[in-house]
Structure formats: C-alpha cells, structure tokens
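Participant: Mind having a look at this structure? Questions to follow.
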C-alpha cells in the first residue's frame, strides 16, 4: 500500500494532493499511526522491514470466537521470524507509549 500511495503522489500529487508535505509512507512511518496485529500474521516481519517496529501493537483478538487467547502471547514469544526486540516492543513498549502509561 505504501509503495502505491507514494507512486500516486509522486505522479499526481501536485494536482490531487497539493497539501501533502511528505510522501504517504513518511506519514505512516512517522510514529503517529499504530497498527494492531494478531499473533499469526505472516506479514509482521515485512512491517519491520518497512521501519514500523515502533508502531506495531499486539492484538489478542479476545473475545472473538475464533481467537486463540490466552495462547497468543506465547505464540508471539515462540515466533522465530521476529527478534526479541520486536517482541518486546509489540507486547509492551509500543503499547505503553500508545496508551501513555509513562506520563
């Protein structure tokens, strides 16, 4: 999505989005937009590659009938395709910043 939005703005932004001062991907990466992800999503490593590590929030999917709660935290911790730093951010640091727990 970010590639496509950037391309549109690069090609047509002056006419269709004249008030943008940055590319859409820069707005998304700015840290002001957060994304909730469920433990089994395969694209979480792609979000890290795009520089979104500080904006990914763990979603338990509770109380939906098809949710895996209370096993979702373990599922995140057991993932081999995510670094320990990413897991810490998803499960704690980003959530604390989003809800302003430290203020």
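Participant: Looking only at region 13-57, count how many residues are without any contact (Cβ under 8 Å) to a residue 12 or more places away in the chain and either under 30 Å from residue 71 (Cα atoms) or part of a helix (DSSP H, G or I) (or both).
Facilitator: 12
For every residue, the table says whether it meets (1) modelled with pLDDT of 85 or more; (2) crowded, with 16+ Cβ neighbours inside 10 Å; (3) within 21 Å of residue 4 (Cα to Cα); (4) under 11 Å from the mean Cα position of the chain (by Cα).
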| site | (1), (2), (3), (4) |
| --- | --- |
| 22 | yes, no, yes, no |
| 55 | yes, yes, yes, yes |
| 62 | no, no, no, no |
| 70 | no, no, no, no |
| 76 | yes, yes, no, no |
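Participant: Scanning region 63-82 for residues that are part of a loop (DSSP other than H, G, I, E, B) and in contact with a helix residue (DSSP H, G or I) (Cβ under 8 Å, 6 or more places away or on another chain), which turns out nearest to residue 35 (Cα to Cα)?
Facilitator: That would be 82.
Participant: Which condition from (1) more than 10 Å from the chain's Cα centre (by Cα); (2) surrounded by fewer than 14 Cβ atoms within 10 Å (Cβ to Cβ); (3) under 30 Å from residue 92 (Cβ atoms); (4) modelled with pLDDT of 90 or more is the one that residue 33 breaks?
Facilitator: Answer for residue 33: the failing condition is (1).
Participant: Give all pairs with beta carbons closer than 8 Å in which a residue from region 85-103 that is on the phi > 0 side of the Ramachandran plot and outside any loop (DSSP other than H, G, I, E, B) meets a residue that is surrounded by 17 or more Cβ atoms within 10 Å (Cβ to Cβ) and at pLDDT below 95; count only pairs at least 6 apart in sequence or on separate chains.
Facilitator: none
The values are calculated or read from the model by the stated rules, or taken from the named source; none is laboratory data. All figures in this text were calculated on a predicted structure; none of them were measured in a lab. With ideal geometry, Cβ positions are generated from the backbone for all residues, glycine too; neighbour counts draw on all protein chains shown.
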